[in-house]
Structures are given as structure tokens and as C-alpha cells.
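*Asks:* Got a structure here, written out as C-alpha cells. Questions coming.
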Amino acid sequence: MTRRKSPQQLRSHRWLGVSDLRAFGHRSRLRQFGYDAQDWAGKPVIAIVNTWSDINSCHAHLRARAEDVKRGVLQAGGFPLELPAMSLAEPFVKPTTMLYRNFLAMETEELLRSHPIDGAVLLGGCDKTTPALIMGAISIGIPALFVPAGPMLRGNWRGNILGSGSDAWKYWDDKRAGLIDEDEWSEIENGIARSFGTCMTMGTAATMMAIAEAMGLTLPGASSIPAADANHPRMCAAAGRRIVDMVWEDLTPDRILTPASIDNAIKVHMAMGGSTNAMIHVVAMARRAGIALALARFDEISRTVPVIANVRPSGAFLMEDFFYAGGLRALMAQMRDMLSLDCLTVNGRTLGENIAGAAVHLPDVIRPLANAVSTEPACAIFTGNLSPRGCVMKPSAADPKFLSHRGPALVFEDYNHMAREIDRDDLDVTPDHVLVLKNSGPQGGPGMPEWGMLPIPRRLVRAGVRDMLRISDARMSGTSYGACILHVAPESFVGGPLALVATGDAIEVDVAARRLHLHVGEEELAARRAAWTPPPPRYERGYGAMFAAHIGQADEGCDFDFLKAGAPVPEPEIH
Ligand code: FES
């Protein structure tokens with residue numbers, strides 16, 4: 001360990017180490033807990049930012065895991081303090097957790113800034129919690145280590161393996177088509193989420209936890225450990241031990257996050273066949289670190305990195321299998337020639353050192369590069385007259401026949417309009433139609449909800465149709481699949497071209513050419529624009545009003561404009 005800081009240089013020293021009336025107050029209040037000077041004097045104070053709550057089943061184990069982290073902190077000579085933060089339970093938070101990602105990022109930053117904290121262990125994993133915690137930690141800039149909650153165990157129904165989200169959509173369509181009954185549906189409800197931990201498909205949670213590891217922000221291998229595996233609490237204790245040394249070494253996020261480490265994360269994202277949501281979060285994290293990142297970079301990388309993680313929804317297996325196959329270290333070892341191996345990570349070693357010796361144990365779960373899961377890339381970025389600032393598709397999870405398609409639009413003005421219409425038996429729709437959903441973006445949703453996998457109209461589901469081309473300014477769950485074009489920017493709510501699409505307009509997509517085109521003439525579009533009126537604001541007061549005033553578009557990572565990197569924020573005065 002290279003000791004670079006003295007105890008007097010610790011941030012907490014200003015609260016606890018000086019001899020004045022304020023420090024007397026701080027120390028006396030620590031003594032009120034039953035602590036003594038031996039607990040804190042000269043020791044790094046470590047915050048354990050915990051997104052546990054009684055409503056977040058993905059994080060149900062994090063209360064216990066915080067104790068494991070504390071054990072490690074104490075072993076290494078630190079002083080652990082658990083600080084609860086908003087838990088952002090993906091299934092329960094409405095209208096969408098994405099409305100609150102920046103809220104948690106701000107909470108994390110300000111929790112750490114306002115307290116006598118020298119380093120932080122961040123406990124999260126359910127979708128938005130990973131980017132939010134990391135964004136906040138980047139902005140405060142103190143040493144921070146991310147502890148992924150880990151995926152839950154595989155689901156089970158009558159011997160069939162069930163995956164979070166993906167199998168819910170699949171069996172819901174079967175139920176709508178009359179192929180399974182209420183009792184069977186109820187059994188699936190009992191079997192699809194069998195343990196604590198995050199979704200165990202390659203949804204946003206698994207993608208973002210892997211990205212955090214690829215960026216160098218977790219201990220090696222941490223992101224793949226199932227939540228219920230005894231390796232998980234051991235990893236937590238190791239994280240507690242390590243963060244203490246990180247404080248002494250002053251190993252801050254800006255030393256770890258570089259253009260090369262961000263590229264590593266995007267490459268891993270593509271190899272995992274990861275969630276489209278991750279693009280928004282990676283852009284936001286990079287921008288917090290002062291690294292400009294254009295959507296085009298995802299497209300460039302996706303053309304060179306094949307999907308090799310055979311995990312649903314792009315593949316066949318689940319994250320538990322991925323762990324048994326060797327986990328993320330094995331996947332990164334498989335693609336080591338594509339990665340920048342000299343990037344520094346939280347354990348003080350390089351990525352290359354961390355993956356040395358890692359091997360694939362189940363070659364059908366983590367495939368060789370030459371035997372990819374899909375010949376299609378994990379993402380494709382389009383621009384064009386419908387989406388001048390970009391939109392995204394996941395070709396590897398789509399029916400190949402929609403990778404080149406032209407069809408008439410069927411437009412829904414908002415989610416409620418779609419919900420009213422989609423199951424009508426007389427809906428005028430064919431499998432060739434392109435379903436278009438407006439007003440579902442960052443401002444319009446609000447919060448860009450995961451509505452992008454629009455349901456297939458019921459009359460087509462009954463006829464056996466399971467995929468259609470769909471376009472929206474919404475996101476979709478990483479556990480979703482289908483020919484869904486998402487994140488259209490600028491969004492329709494602020495007057496983006498999507499707002500001008502009418503039912504019957506021809507829309508053409510050609511994934512190979514990265515072409516998405518609305519076949520409506522310029523003159524007609526200008527006339528429609530002149531007739532377009534902006535919808536009323538979604539919120540008049542509170543956090544929602546602040547969100548609407550400051551939220552960026554998808555290509556900007558949907559961060560608030562006032563949270564951008566570079567603007568100085570003073571340390572708190574201690575009076
Ligand atoms: Fe928490 Fe999917 S609901 S990770």
C-alpha cells in the first residue's frame with residue numbers, strides 16, 4: 001500500500017480532529033452512540049451508501065451486506081457509517097425510476113459532501129441505482145467503490161427456467177392469446193422471482209453492474225456473483241477492507257475513469273448484449289467525469305464487438321449460469337485483445353492484471369469471439385429525418401425480418417391512447433405496420449418510461465404475431481426484446497420530428513445502412529410543424545418542475561444541465 005495521505009489530510013479531520021467548539025460537538029455526538037476516540041481518531045471515515053429499503057426486493061439483502069462491508073472497514077482500520085439513500089425499486093416507483101435517477105445521484109453527492117466522509121462504498125444494483133450512485137460519487141470526487149447487489153437465482157415454473165421480465169412478456173402474450181390459463185399464470189407469478197437480488201436476465205441491472213466492473217469501479221469479478229451466493233458477503237467485506245486503503249492512496253474516480261476505461265465499458269456492454277438503457281447511463285457517467293461521449297461511439301464499437309454472452313433476452317441462459325461459466329472476468333479475458341488492459345481499477349491493479357488467468361468454464365454460456373450468439377450487433381444508432389440527434393435499436397434481440405422493413409405508421413399520441421386502442425378487435429393493423437408512440441421521452445413521459453416495447457395488438461397476438469417494428473422516444477426494459485427503436489431525440493414532447501408523424505405515413509428502416517426514414521416531404525412536414533402546438537407542462541411544482549426545467553435529452557444522458565462536470569462546488573464551511 002502506498003500511503004499518500006496523512007491522518008491530518010483526511011477530509012473528516014476538519015470535523016473530528018481539530019480542537020474547537022464545533023469539533024467538540026461532533027465528537028460528543030459520536031460518543032452519544034457509545035463510540036470512543038479509538039473508533040475514529042486518525043481513521044478514514046467510510047460511508048456505506050445503502051439503497052436498501054422495505055420496498056426494494058432486489059436490494060433486500062443489502063441491509064445485511066452493509067454489515068459485511070462494515071466488518072471489512074473495521075478490519076482495515078477505518079470507521080464505517082451507513083448512510084441510507086433512496087432505493088429506487090424498479091418495479092414499484094412510478095411513473096418510472098428514471099425520473100429519479102438524477103435525484104439519487106444528487107442525494108449521493110450531497111450525502112457525501114455534507115458529512116465527514118473520506119471514502120464511500122456504494123451499495124446498489126437495481127437498474128438506475130448503479131448509474132445514480134456512480135454519478136454522484138464521480139461528482140464529489142472522493143474515493144469510491146461500487147458493490148453490486150448481484151443477480152437473483154434463476155426462476156422456475158414446472159421445470160421451465162424463467163427469466164425476469166423476458167419471460168413475463170413472453171407468457172403474458174401467451175395468456176393474451178389464450179394459450180395459458182389463470183392458474184398457470186399464477187404459478188409463473190410464484191416462480192419468476194425466487195430470491196433477493198436483481199433481475200437475472202441481461203437487463204439494465206446486470207448490464208450496468210458489468211459496466212461498473214469494466215470501468216474499474218468494482219472489485220474484480222464482483223458484478224457476476226449471485227446475490228444469494230456466499231461469495232457475495234465475502235466480496236462485500238473485501239470491498240470494506242479495500243476502500244480504507246483507497247482513501248490512504250487517494251484513489252479517486254478521476255484516476256479510474258478515462259476515455260479508455262469508458263471504451264472498455266462500452267465494449268463489454270456490446271459483448272454482453274446489454275440493455276439499451278445503458279447507453280443513456282454511460283453517456284451521463286462519462287459526462288460527469290468530463291469525458292465527451294457521442295452516441296456514434298456505441299455504434300462504432302458495436303460493429304466490431306460481437307455478442308458473446310449467451311444470456312436472455314439476446315441469448316438462452318441467465319446470470320447465474322454466467323457466473324458458473326466464469327463471470328465477467330472470463331468474458332473480458334475472452335475479448336482481452338479488444339480491451340485497454342492498462343486501465344487502473346479500484347483494487348489498485350490494472351484491468352489486465354485483474355483478468356489474468358480467468359477462464360471460461362461453460363463455452364456455450366460465454367462463447368468464443370468466433371462463435372458469437374448473434375450475427376447482429378447489440379446496438380445500432382440511427383439518425384435521419386425522424387431522429388436528428390439519434391435513436392437506438394437492439395438488432396440482436398429483434399426478429400431479423402424487421403432489420404430491413406418499410407411499413408405504414410400506426411400512431412398513438414401517448415401511452416393512454418395506446419392502452420385504449422391496442423386490444424381493440426377492430427383495430428386497423430397488420431403485421432407490417434410500424435407502431436409509433438409519442439410523448440414518452442424525458443419530458444413527455446415524464447422520465448422516459450420503459451414503454452418502448454409496445455404490446456403487439458391483441459388481434460395480431462392471437463394470430464401468432466410476436467414481433468413488429470415499433471418506434472418511440474421512450475426506453476425499454478433491458479429484459480425486453482423485439483424490433484423496437486427507442487430514445488428518439490429530440491423527443492416529440494418538445495417538438496422533435498416524431499411529433500409530426502401521422503398514421504399512414506411510410507417509415508423505412510435498414511439496419512445495415514443505419515437508415516431510418518420518414519417518407520413525408522419537407523413541405524408537408526413544415527405544414528405539420530406550423531400546426532403543432534406544445535403540450536402543457538407535466539408538472540407545475542416540486543421536483544417534477546425542476547426536472548422539466550433542467551433535464552437533457554437521451555443523447556445527452558438525460559442528466560440535469562446544472563450537474564455537468566467542471567463547475568466548482570465548495571467544500572462545506574464548518575462553523
Ligand atoms: Fe430491480 Fe430488475 S427490478 S433489477
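*Asks:* Quick one: go through the range 105-126 and flag any residue whose amide nitrogen is under 15 Å from the point 7 Å out along the Cα-to-Cβ line of residue 250.
*Replies:* Answer for this model: 118-119.
*Asks:* Next question. With θ set to phi - 60°, apply the Karplus curve 6.51 cos²θ - 1.76 cosθ + 1.60 along the range 65-76 and write out the HN-Hα couplings as whole Hz, x wherever there is a Gly or Pro.
*Replies:* Per-residue couplings from phi come out as 5, 4, 5, 5, 4, 4, 4, x, 4, 5, 4, 8 Hz.
*Asks:* Using 7 Å Cα-to-Cβ label points, what is the residue 71/residue 194 separation (nm, one decimal)?
*Replies:* Output for this residue pair reads 2.6 nm.
*Asks:* Charges at C-beta only: +1 for Lys and Arg, -1 for Asp and Glu. How large is the resulting dipole of the chain about its Cα centre, in Debye rounded to 20?
*Replies:* Dipole size: approximately 1460 debye.
*Asks:* What residues have an amide H closer than 5 Å to that of residue 124, excluding those fewer than 5 places away on the same chain, when H is modeled at 1.01 Å from N in the peptide plane?
*Replies:* Residues meeting the amide H criterion: 147, 149.
*Asks:* Moving on. What FRET efficiency would be calculated for the residue pair residue 462, residue 64, taking the C-beta separation as r and a Förster radius of 30 Å, to the nearest 0.05?
*Replies:* 0.05
*Asks:* Which loop-located trypsin sites (Lys or Arg not before Pro) does the range 407-503 contain, where loop means any DSSP state but H, G, I, E or B and the Cβ has at most 12 other Cβ atoms within 10 Å?
*Replies:* Those satisfying the criteria are 424.
*Asks:* Here's something else I'd like to know. Please sort 25-31, 337-343, 118-124 by packing, taking for each peptide the average over its residues of neighbouring beta carbons within 10 angstrom, highest first. Each step should come with its number before you reach the end.
*Replies:* Numbers: 25-31: 13.9, 337-343: 16.3, 118-124: 29.4.
Top to bottom by mean Cβ count within 10 Å: 118-124, 337-343, 25-31.
*Asks:* Restricting attention to the chain, give the cysteines that have no other cysteine Cβ less than 4.7 angstrom from their Cβ.
*Replies:* Those would be 199, 236, 343, 379, 391, 484, 558, since no other cysteine Cβ in the chain comes under 4.7 Å of theirs.
*Asks:* Something else about it: Of 401/564; 170/438; 175/394, which ones are farther than 30 Å apart at the Cα?
*Replies:* 401/564
*Asks:* Follow-up question, since we're still on this one. List, in order, the whole-Hz ³J(HN,Hα) value for each residue of the range 143-160 obtained from phi through the Karplus relation with A = 6.51, B = -1.76, C = 1.60 and θ = phi - 60°; use x for Gly and Pro.
*Replies:* Those phi angles translate into x, 8, 9, 8, 10, x, 5, x, x, 6, 5, 4, x, 8, 9, 6, x, 8 Hz.
*Asks:* Cα to Cα, under 14 Å, and not fewer than 8 places away if on the same chain: which aspartates and glutamates meet these conditions relative to residue 267?
*Replies:* 213, 299, 300, 337
*Asks:* A follow-up question, please. When we measure straight from the Cα of residue 94, which aspartates and glutamates land under 12 angstrom away, once same-chain ones fewer than 8 places off are left out?
*Replies:* Those aspartates and glutamates meeting the cut-off are 450.
*Asks:* With label points built 7 Å along Cα→Cβ from the Cα atoms of residue 525 and residue 92, find their separation and express it in nm.
*Replies:* If labels sit at residue 525 and residue 92, their model points lie 4.5 nm apart.
*Asks:* Now for a separate question. Report the FRET efficiency, 1/(1 + (r/R0)^6), for residue 567 and residue 543, where r is their Cβ-Cβ distance and R0 is 25 Å, rounded to 0.05.
*Replies:* Efficiency, from the Cβ-Cβ distance: 0.75.
*Asks:* Cα centroids of the range 436-459 and the range 368-385: how far apart, whole angstrom?
*Replies:* 23
*Asks:* Using Cα centres only, tell me the gap between the range 301-356 and the range 36-79 in whole Å.
*Replies:* A separation of 28 Å, based on Cα centres.
*Asks:* Cα centroids of the range 130-170 and the range 491-556: how far apart, whole angstrom?
*Replies:* The distance from the Cα centre of the range 130-170 to that of the range 491-556 comes to 31 Å.
*Asks:* Place a point 7 Å from the Cα of residue 340 along the Cα-to-Cβ direction; which residues of the range 250-280 have their backbone N under 17 Å from it?
*Replies:* 252-270
*Asks:* Further question: Relative contact order for the chain: what is it in percent, counting Cα pairs under 8 Å that are at least 6 residues apart?
*Replies:* Working: 1331 pairs, mean separation 77.7, N = 575.
Here the relative contact order equals 14 percent.
*Asks:* With runs of 4+ DSSP H residues as the only contributors, calculate the mean residue ellipticity of the chain at 222 nm using -39,500 (n - 2.57) per run, divided by the residue total and rounded to the nearest 500. It would help to have the intermediate numbers written out before the result.
*Replies:* Numbers: 21 runs with 200 residues, N = 575.
Mean residue ellipticity, 222 nm, calculated: -10000 deg cm²/dmol.
*Asks:* Mind checking which aspartates and glutamates have their C-alpha under 14 Å from residue 5, skipping anything on the same chain fewer than 8 residues away?
*Replies:* Reachable aspartates and glutamates: 118, 245, 249, 250.
*Asks:* What stretch of the chain, leaving out the sites themselves, is the longest with no chymotrypsin sites (Phe, Trp or Tyr not before Pro) in a DSSP loop having at most 12 other Cβ atoms within 10 Å?
*Replies:* Answer from the scan: 93-531.
Since every read-out is calculated from the coordinates, none of them should be taken as a lab result. Just so it is clear, the model here is predicted, and its values are computed rather than measured. As a convention, Cβ positions derive from the backbone with ideal geometry for all residues, glycine included, and neighbour counts pool all protein chains shown.
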